[in-house]
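Below: one structure, written as structure tokens.
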Amino acid sequence: MAIDAKRRSGYINSMLNDDLLAEILNKVDRKEDRKSFSEVCKQWLRVERLTRTSLRIRGHMFPLDLLTKFPNLVDFRTTRELTKKRKRQNKKSWYYPPTDPRLEFIAKTCPKLETFMASLYDTRQVQGDGHLGTKGLRALGIGCPKLSSLMFWGNQVVGNAGVDALFQSGHNLKSLHLKDIYLISDHAFRAIGSSSISILELTRCRNVTDVGLGFLANGSTSKTLKKLILSHSRGITDTGIQLLVKMRSLENLELTYLNQVTDIGGVAISAIQTLTVLKLSEIWKLSDTTVVALAENCRNLEVLALYRIWLHEPVTGASIHSFSRHKCLKYLSLYGFSNLDQSDVEIVLGCPSLESLVLDKSLTGNFRLMHGNSARRVVKFESFCDSFPQFMPTVW
């Protein structure tokens, strides 16, 4: 006699308890497969939630109260408002109440949290220190002692006081990413500079200047910071770049759209002996002087990506020749270098450690006579149509 579907599911669940289901689910990596797993029955849904370590919220359909179903979250990212819009007492306008209670709830519900991201873009004026309040951010730092990576994207998502509160309460913060935030200024870098973070990314935070870099270079961060990304920061000049020499552990540096940086800053970068990865993009006041200094002084450099680093005087092949004597360089990318010829490339290939030389695809016709299998294996041509190429993946 056939067994109906309801009885069959009961037999399965009697043989597979929560612990066995959790062991099975821990071997499932694909998001689609985990979703299918959770749709089998209520027990499997509960186990999937209990074993979930990451959660990303998009849109406006997720009540934060549901976080109680995910007690083991390690990575939580949201692109939605953390508070619901409410009407004022006069019922003539709407407002958003403070987010502090919501952040306090997250801290209490997800004590194992290690990564937190809030991405909120809104044109409305925010009163105070940003969408994420100081009290709530402090609670997040205290309630999540393992919190190590923070990502804030959005014009008014967080302010100086919020950053200060986080670094005072969170003692294991190692990575901070700030993007498109107008409320962040040099004041926030007092707290950042006194921390022990190892990764800092600053993109389109227009109120940060050389003063902020000074707090980093002269604080305890100078001993711990390993990766620094500075992009679209008009207030950063050669003075701030020169301060980076004080960074004793800096290994990875990426500079993009810094219009006030010249060869003075470029030569200063070459004095950072710990650098292994360097990416320079859209810094139009650099010249051969910077390229030669990098080749001669950055002796530990393994990855170098250059993209449109001149405006009036193109970098010449002669400066690129300097890398033929480099002992550690493995990856060299020259995007937008339209004046290179085959002889220039053959000289660079003299670099004994070079594994990959990437050139603009527009130069393909100039190198048809390239001889040797090793040369063809090392030299690669790629097309870069975007204004900013994706050099290599950034870890978030």
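The values are calculated or read from the model by the stated rules, or taken from the named source; none is laboratory data. Since this is a predicted model, take the numbers as computed values, not measurements. Virtual Cβ from ideal backbone geometry, glycine too; neighbours counted across all protein chains shown.
Restricting to the range 147-164, name every residue that is touching a residue at least 40 places away in the same chain (Cβ under 8 Å) and either part of a loop (DSSP other than H, G, I, E, B) or buried (at least 23 other Cβ atoms within 10 Å of the Cβ) (or both). Passing the criteria: only V158.
Considering each residue of the range 203-225 in turn, none proves to be part of a loop (DSSP other than H, G, I, E, B), touching a Leu at 6+ places or on another chain (Cβ under 7 Å) and touching a residue at least 40 places away in the same chain (Cβ under 8 Å).
Taking C205, is it buried (at least 18 other Cβ atoms within 10 Å of the Cβ), at pLDDT below 95, under 20 Å from S195 (Cβ atoms) and in contact with a strand residue (DSSP E or B) (Cβ under 8 Å, 6 or more places away or on another chain)?
The answer is yes for C205.
If the condition is being in a loop (DSSP other than H, G, I, E, B) and either under 17 Å from L357 (Cα atoms) or among the acidic types (D, E) (or both), then the range 269-310 contributes T276, E282, L301, E302, R308. Give the range 227-237 a look and list any residue that's surrounded by fewer than 19 Cβ atoms within 10 Å (Cβ to Cβ) and not in a strand (DSSP E or B), or say none. Those that are surrounded by fewer than 19 Cβ atoms within 10 Å (Cβ to Cβ) and not in a strand (DSSP E or B): H232, R234.
Beta carbons closer than 8 Å, at least 6 apart along the sequence or on distinct chains, pair a first residue in the range 285-302 that is within 15 Å of L253 (Cβ to Cβ) with a second that is outside any loop (DSSP other than H, G, I, E, B) and among the charged types (D, E, K, R) for L286/D263; T290/D263.
Scanning the range 165-195 for residues that are under 18 Å from the mean Cα position of the chain (by Cα) and part of a strand (DSSP E or B) turns up S175, L176, H177, L178, K179.
With the structure loaded, tell me whether T262 is closer than 20 Å to T224 by Cβ, touching a strand residue (DSSP E or B) at 6+ places or on another chain (Cβ under 8 Å) and among the polar types (S, T, N, Q) or whether it fails that test.
no
Give me the residue from the range 190-201 that is of a type outside the set (G, A, S) and closer than 16 Å to D164 by Cβ and, out of that set, surrounded by the fewest Cβ atoms within 10 Å (Cβ to Cβ). The residue in question is R190.
Looking across the range 50-103 at every residue that is of a type in the set (A, V, I, L, M) and outside any loop (DSSP other than H, G, I, E, B), the one that is modelled with the lowest pLDDT is identified as L50. Selection of first residues in the range 173-201 that are free of Cβ contacts under 8 Å to residues at least 60 places away in the same chain and under 16 Å from H131 (Cβ atoms) and of second residues that are small (G, A, S) and crowded, with 23+ Cβ neighbours inside 10 Å, restricted to Cβ pairs under 7 Å at least 6 apart or on distinct chains, gives the following pairs, ordered by first then second residue: L183/G130; L183/G159; I184/G159. In the range 116-136, the residues that are closer than 11 Å to N155 by Cα and modelled with pLDDT of 80 or more form Cβ pairs under 6 Å with partners that are part of a helix (DSSP H, G or I) and not hydrophobic (A, V, I, L, M, F, W, C), at six or more places apart or across chains, as follows: G130/G162.
Scanning the range 324-343 for residues that are under 18 Å from L286 (Cβ atoms), touching a Gly at 6+ places or on another chain (Cβ under 9 Å) and not hydrophobic (A, V, I, L, M, F, W, C) turns up just one, N339. Being crowded, with 23+ Cβ neighbours inside 10 Å, of a type outside the set (S, T, Y), in a helix (DSSP H, G or I) and out of contact with any helix residue (DSSP H, G or I) (no Cβ under 6 Å at 6 or more places or on another chain), is that true of even one residue in the range 245-268? No.
Checking each residue in the range 278-304 for being over 15 Å from V261 (Cα atoms), crowded, with 20+ Cβ neighbours inside 10 Å and within 20 Å of the chain's Cα centre (by Cα) picks out L278, L304.
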